[in-house]
Amino acid sequence: MGSSEFAGTLEPTNPRTLGKMSERSLDYLIIGGGPAGTNAAEAIRRRDRVGSIAIVTNESHTLYIRPSLALYMRGLIQRDQLFQKKIDFYNKNSIELITEKKVIRISAEGKKAFLEDGGIFSYKKLLIATGGRPKTWQIPGADLDGVYYLRTLNDAEGMMNRMRSSRRAIVIGGGFLGMDLNQTFAMAGLKVVNIIRDKVFWSHFLDEDGGRLVERILKENGVNLIPEDEVVEVFGSKTVTGIRTTGGKQIDADIIGVGIGIGLNLDLLDKKEVEINRGVIVDNHLRSSTPDLFAAGDVAEFYDPIMEKRHIMGNWSNAMAHGKAAGANMAGEDKALNVVSSYQIDIWGRSLIAMGDTSVSEGTKVFIRDQRDQYKYGRIFVRDGVIKGAILIDLKDLEGPLSKLIKEKREVKNPEVLSDPAFDLKGLL
């Protein structure tokens, strides 16, 4: 679709002038300029060539790839390569991008969005794609210079500046962000200590054997993992100098990266108008309990027909899939979400993949592919003879067959073969 099909071109709306408006009407209002919101806008425009679309975001940038921030920090990609959409995309598709603006309240009944600066939008259809914000430390010294939360491009560039004058780093948290921070600091030549509350890294996904394998990989790459401990105080006057833990350890540091989870941005919604549990409750079409109000990405507690339950999946690929489905449905289609949810991260050239339902409930059997001597390890979750999910360390070749088996809910008559590293899963397809 070329720009000639629309009247004029657009630039991001100047935030200094938007606040002066009294009220504007839109066909489609999208709150959040990340992968869910941007893909929804694109999906709408493919189906509705004339309806007015606006994306409101509190960031100052067009869509950039958040999972690639760590690669940028390590010098593996250039800044320009982060941006998945340039301004030409918004211009050509007549999508109004309104940057550095915060929506503070939604009247779902009145179909209005209220901005912090007094601006008001009325809308016909609304998508909530506000994502999350890092959970912050609530301990003495947590506000000192040198404590960082990696969520935005501005966060990444602040950390990069600090790293140039740092020698010792501490990473807080044993999840995906913690692993990104460990690699980023270690590859910059810093001495790295990683403190986690749990017994093993990725305790939500890994058993003790898998966790010990990850710990070995960390150690071999210069990261000292301290499990079952927690920081109670950050030292320093204006800037960080170190920490103290519940276990009595005192560790020097010039920079601290904190990855202790994400809080969802749901404050703008009224629970009396929109059904909310952990996130906005939506069906597998991303429709909420309120007419013409959709939610996608991190904030959507969606019904997953493959897992056969509602859950939240906060990652990039999931948000993209949500956005495409939500946008199509906002524009009048009947598009159901039907993808195998997954997380994926690189660990010093090795992959860790979590896919499908990795919870252990009554009747769940876990089959282990143990090749730790080759730095490979897998857990495959089976319930009622059907593969429900998997955790794979450096077993990327199993991702495709397992994804198909999970999606198609094929019965495995002899699931014991799943533990045999020599067994080719393609034989089950």
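The values are calculated or read from the model by the stated rules, or taken from the named source; none is laboratory data. Predicted model only: the values in this text are computed from it and were never measured. Glycine also receives a Cβ, built like all others from the backbone with ideal geometry; neighbour counts cover every protein chain displayed.
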Task: Residues within region 224-244 that are surrounded by fewer than 16 Cβ atoms within 10 Å (Cβ to Cβ), within 21 Å of N182 (Cβ to Cβ) and in contact (Cβ under 8 Å) with a residue 40 or more places away in the chain, tallied - done: 0
TODO: Considering each of I260, I217 in turn, give the residue that is in contact (Cβ under 8 Å) with a residue 24 or more places away in the chain, part of a helix (DSSP H, G or I) and closer than 27 Å to I195 by Cα.
DONE: I217
Open item on the list: Which count do you get for residues in region 124-158 that are outside any loop (DSSP other than H, G, I, E, B), over 19 Å from K102 (Cα atoms) and either in contact with a Ser or Thr (Cβ under 8 Å, 6 or more places away or on another chain) or in the same structural domain as S25 (by TED's automatic domain parsing) (or both)?
Closed with: 2
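Quickly run through region 177-187 and pick out the residues that are touching a residue at least 60 places away in the same chain (Cβ under 8 Å) and buried (at least 20 other Cβ atoms within 10 Å of the Cβ). Talk me through it step by step, then tell me what you get.
Pass one, region 177-187, residues touching a residue at least 60 places away in the same chain (Cβ under 8 Å): 177-181, 183-185, 187.
L177, G178, M179, D180, L181, Q183, T184, F185 - these are the residues of region 177-187 that are touching a residue at least 60 places away in the same chain (Cβ under 8 Å) and buried (at least 20 other Cβ atoms within 10 Å of the Cβ).
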TODO: For region 194-212, name all the residues that are among the acidic types (D, E) and within 16 Å of I226 (Cα to Cα).
DONE: D198, E208
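Could you grab me the full set of residues in region 116-131 that are surrounded by fewer than 19 Cβ atoms within 10 Å (Cβ to Cβ) and of a type outside the set (D, E, K, R)? Walk me through how you get there before you give the answer.
Step one: filter region 116-131 for residues surrounded by fewer than 19 Cβ atoms within 10 Å (Cβ to Cβ), giving 116-118, 120, 122, 124.
Within region 116-131, G118, I120, S122 qualify.
Do the conditions hold for N329, that is, is it polar (S, T, N, Q) and touching a Leu at 6+ places or on another chain (Cβ under 8 Å)?
Working: polar (S, T, N, Q): yes; touching a Leu at 6+ places or on another chain (Cβ under 8 Å): yes.
Judged against the criteria, N329 is a match.
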Task: Pairs, first under 12 Å from T99 (Cβ atoms) in region 59-74, second aliphatic (A, V, I, L, M) and not in a loop (DSSP other than H, G, I, E, B), C-beta under 7 Å, six or more apart - done: H61/L153; T62/I87; T62/L97
TODO: Exactly one condition in (1) surrounded by 15 or more Cβ atoms within 10 Å (Cβ to Cβ); (2) touching a residue at least 60 places away in the same chain (Cβ under 8 Å); (3) in contact with a strand residue (DSSP E or B) (Cβ under 8 Å, 6 or more places away or on another chain); (4) not aromatic (F, W, Y) is not met by R167; state its number.
DONE: (1)
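Name the residue, out of L82, L63, that is in contact with a Gly (Cβ under 7 Å, 6 or more places away or on another chain) and not charged (D, E, K, R).
Every option except L63 fails the conditions.
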- [ ] Check T290 against each of (1) in contact with a Leu (Cβ under 7 Å, 6 or more places away or on another chain); (2) at pLDDT 95 or above; (3) surrounded by fewer than 20 Cβ atoms within 10 Å (Cβ to Cβ); (4) polar (S, T, N, Q) and name the one condition it does not meet.
- [x] (1)
TODO: Count, please, the residues in region 220-248 that happen to be under 25 Å from M187 (Cα atoms), more than 28 Å from the chain's Cα centre (by Cα) and not in a strand (DSSP E or B).
DONE: 0
Task: Considering residues of region 245-267 that are within 24 Å of S165 (Cβ to Cβ) and touching a Ser or Thr at 6+ places or on another chain (Cβ under 6 Å) only, the residue surrounded by the fewest Cβ atoms within 10 Å (Cβ to Cβ) - done: D254
